[in-house]
Amino acid sequence: MADVMGRGHGGDRAGDQPPGGGSFCPSNHQQDLVPRKRQGGRPKTKLDAELRKTGRPLTLPIDTEYTFHPVGKPCDYFTREVGIYMWRNIPLDKSGWKNVDQFEKTSLDLHLNAKFDLAQVEKDIHASKIKGGIQQVIQKRFSDR
């Protein structure tokens, strides 16, 4: 009568491990694998490249004639950064921007202040309107996600 060998053991009844190379167990050649080279010096986004090039937070040009919203390429970076931060850090179960905790809003502001020069807004004559325009951009980005 033939012994039927179960899957997953060597079959010699001595408790030896099965030879490597199967699809379910690691092979003996894993130590021979060369790790992937890491692209350490390259910035991940265009915003990071701009920040590295200037060495300081980006200034946001703001339309003070009509909308009081950021404009231009830095505005694209701003809205993209807001969206990325919201996607990663703000829970999806919040139904509106008013339902987001104040702590999360403050952490978003701190994150944006590190990348954009929002202190210039405080110096402007239309500071309250500009802040309202920036908040509208943030709220729109929140509702788009």
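Results, tabulated for the structure shown:
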{"item": "Computed magnitude of the charge dipole of the range 46-144 (debye, nearest 20; Cβ of K, R +1, Cβ of D, E -1)", "result": "160 debye"}
{"item": "Set of lysines near Lys105 by C-alpha distance (under 17 Å), chain-local residues within fewer than 8 positions excluded", "result": "Lys94, Lys115, Lys131, Lys140"}
{"item": "Computed over the range 46-144: relative contact order in percent, which uses C-alpha pairs under 8 Å that are six or more apart", "result": "39 percent"}
{"item": "Three-way shape label, the range 40-145, alpha-carbon gyration tensor, a/c 1.5", "result": "oblate"}
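Read the figures in this text as sums done on the coordinates, not as results from a lab. Nothing here was measured: the structure is a model prediction, and the numbers come from that model. Neighbour counts run over all protein chains shown; Cβ positions are idealised from the backbone, glycine included.
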